[in-house]
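These notes concern the structure reproduced below.
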Amino acid sequence: MAGSGLGIYYGRQTSNSPSAAQVVKLLKDNGYSKMWISELDDEFLPALKNQGINVILGIPNSKIQELSSDVYAANQWVKNNISSYPTIGFTHVCVGDLSNISPGDVMDLVQAMENLDAALKRHQNVKVSTLVDNSSFASKYDIGTFPSKCQFGSKDLFREILEFLKKKDSPLFIKVMPYFEMDNIPISIAVDEGNFLLNTTANKFLTDQDNTEYKFVFDAVVDSFFGAMKDLGFDDTKIVVASGWPRQANPGDTKATVENAKTYNTNLKNHIETGTPKNKRALETFIWSAFDEDKLVQVHEGWKHLGAFVFKWEKLTLP
């Protein structure tokens, strides 16, 4: 993938977004040349032809079983969505989202990734990965205590995933959402809004067991993933980050505001260039999300209001 800097994640669980051509224009007009699409439809790829936008294609969990059990299905998916669009700058295929995956699809995930990788043999610049969040940890509370102690809950699964990524030189895609970590920081930890919003004036709130100091929850979450990967013997796996802040959530929530979302996304743009306390390299990062995803079900209300473009597609919370 081309360098660091911000891209835009486009979640498709929305009933209120413009046409594909309008979405592409919005990104280009606002200076964004990287896009991550959660899942495809027949309209979107034609709109991306010859646009100079680097693209990550998402594959929903509902497609995992088919792609794992049928090599032809994987070949056909690549033919229809990659090979047929030689003027689009595809960089990755992201298979599934472990935050809401079924037990059956978990068992089929790595095989689906293997089949897609084999189908991409003529497109070796396109890497295959998957998306995870803090639900993959054995304990979310380690994020706010000792990030280096974090471990994955299902070590066998992640050992298999990470072995695949290492073999293919592909990054792990991770969701890093400080707003949703507010309930995961132990009450014994003195943390304030600035630690969540990436404010440069924030004070240190955490010292890891190896004496690494943290000012920002974002950094603690990212380094928790590095800690969990190191626990399994994978020290050098790269990551791609998706991150954002909701403009609103449940009634009475004073943290999910337009002002905070704008502040967070602006600070994020600057912060990712310096990396984290333990991993001082720029982070490839995507703002989650282009539009509100009002069709999401069984999620915290804040997940439905992460859209950066709202109100006749004004750039409301983008830096």
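The values are calculated or read from the model by the stated rules, or taken from the named source; none is laboratory data. If you're wondering where the values come from, they're calculated on a predicted model, not measured in any experiment. When we count neighbours, we look across all protein chains shown, and the Cβ atoms used for this are built from the backbone with ideal geometry, even at glycine. Surface areas here come from the heavy atoms of the whole protein model, side chains and all, with no ligands, DNA or RNA. Shrake-Rupley method; radii C 1.70, N 1.55, O 1.52, S 1.80 Å.
Below 18 Å, Cα to Cα, which aspartates and glutamates can Lys215 reach? Residues fewer than 8 away in the same chain don't count.
Straight-line reach from Lys215, under 18 Å: Asp142, Glu181, Asp183, Asp192, Glu193, Asp223, Glu273.
How much of the calculated P(r) for segment 42-166 lies past 17 Å, in percent of all Cα pairs?
60
For Cα pairs less than 8 Å apart in space and 6+ apart in sequence, what is the mean separation divided by the residue count of segment 250-319, i.e. the relative contact order in percent?
Here the relative contact order equals 32 percent.
Taking the Cα centroid of segment 265-311 and of segment 167-194, what is the distance between the two, rounded to the nearest whole Å?
Here the answer is 12 Å between Cα centres.
Could you pull out the pairs from Lys63/Lys166; Lys25/Lys175; Lys28/Lys49; Lys127/Lys269 whose alpha carbons sit more than 21 Å apart here?
From the list (Lys63/Lys166; Lys25/Lys175; Lys28/Lys49; Lys127/Lys269), the Cα-Cα distance tops 21 Å for Lys63/Lys166; Lys25/Lys175; Lys127/Lys269.
Once the dipole of segment 1-108 is set up with Lys and Arg at +1 and Asp and Glu at -1 on Cβ about the Cα centre, which of Ser83, Gly58, Gly96 lies farthest towards its positive end?
Value: Ser83.
Using a 1.4 Å probe over the heavy atoms of the protein chains, calculate the carbon and sulfur portion of the accessible area of the chain as a whole percent.
46
Round to the nearest 10 and report in Å² the accessible area of Ser33, as given by a 1.4 Å probe over the protein chains' heavy atoms.
Roughly 60 Å² of Ser33 is accessible to a 1.4 Å probe.
Given 25 °C and 0.890 mPa s, compute D for segment 1-109 with the Stokes-Einstein relation, Rh being the Kirkwood radius over Cα pairs; round to the nearest whole µm²/s.
165
Given H placed 1.01 Å from N in the peptide plane, which residues other than close sequence neighbours of Phe90 have an amide H under 5 Å from its amide H?
Val55
What does the highest-first list of 126-133, 150-157 look like by mean Cβ count within 10 Å?
126-133, 150-157
Given a 1.4 Å probe and heavy atoms of the protein chains only, how would you sort Arg281, Arg12, Arg122, largest accessible area at the top?
Result of the area sort, largest leading: Arg122, Arg281, Arg12.
Are there DSSP H segments in the chain that both extend 24 Å or more along their axis (alpha-carbon positions) and score a mean Kyte-Doolittle hydropathy of at least -1.0? List them, or say none.
103-119
What figure, in Å² to the nearest 10, do you get for the accessible area of Thr274 with a 1.4 Å probe and non-protein molecules left out?
Approximately 90 Å² for this residue.
Could you compute Rg(Cα) / (2.2 N^0.38 Å) for segment 102-168, with N its residue count?
The value comes to 1.31.
Placing unit charges on C-beta atoms (Lys and Arg positive, Asp and Glu negative, everything else neutral), compute the dipole magnitude of segment 242-288 about its Cα centre in debye, rounded to 20.
Computed about the Cα centre, the dipole is about 160 debye.
In the chain, what % of DSSP beta bridges are antiparallel (nearest 5)?
Here the share of antiparallel DSSP bridges comes out near 15 percent.
For segment 68-120, count all C-alpha to C-alpha pairs, find those more than 17 Å apart, and express that count as a whole percent of the total.
Here the long-distance tail beyond 17 Å is 40 percent of all Cα pairs in segment 68-120.
So for the chain, averaging the separation of alpha carbon pairs under 8 Å that are six or more residues apart and normalising by length, what relative contact order in percent results?
Worked out over the chain, it gives 19 percent.
Out of every Cα pair in segment 2-61, what percent are spaced more than 13 Å from each other?
Roughly 61 percent, rounded to a whole number.
Go ahead and estimate [θ] at 222 nm for the chain from helices alone: -39,500 (n - 2.57) per DSSP H run with n ≥ 4, summed, over the residue count, rounded to 500.
-9000 deg cm²/dmol
When the chain is modelled as a GNM with alpha-carbon springs shorter than 10 Å, which of Gly233, Gly275, Gly104 fluctuates the most?
Gly104
Rolling a 1.4 angstrom probe over the protein chains, ignoring ligands and nucleic acids, what is the accessible area of Phe216 in square angstrom, nearest 10?
Accessible area of Phe216: about 20 Å².
May I ask you to give the solvent-accessible area per residue for segment 40-163, in square angstrom, as obtained with a 1.4 angstrom probe?
Spelled out: the 1.4 Å probe surface of segment 40-163, per residue, equals 46 Å².
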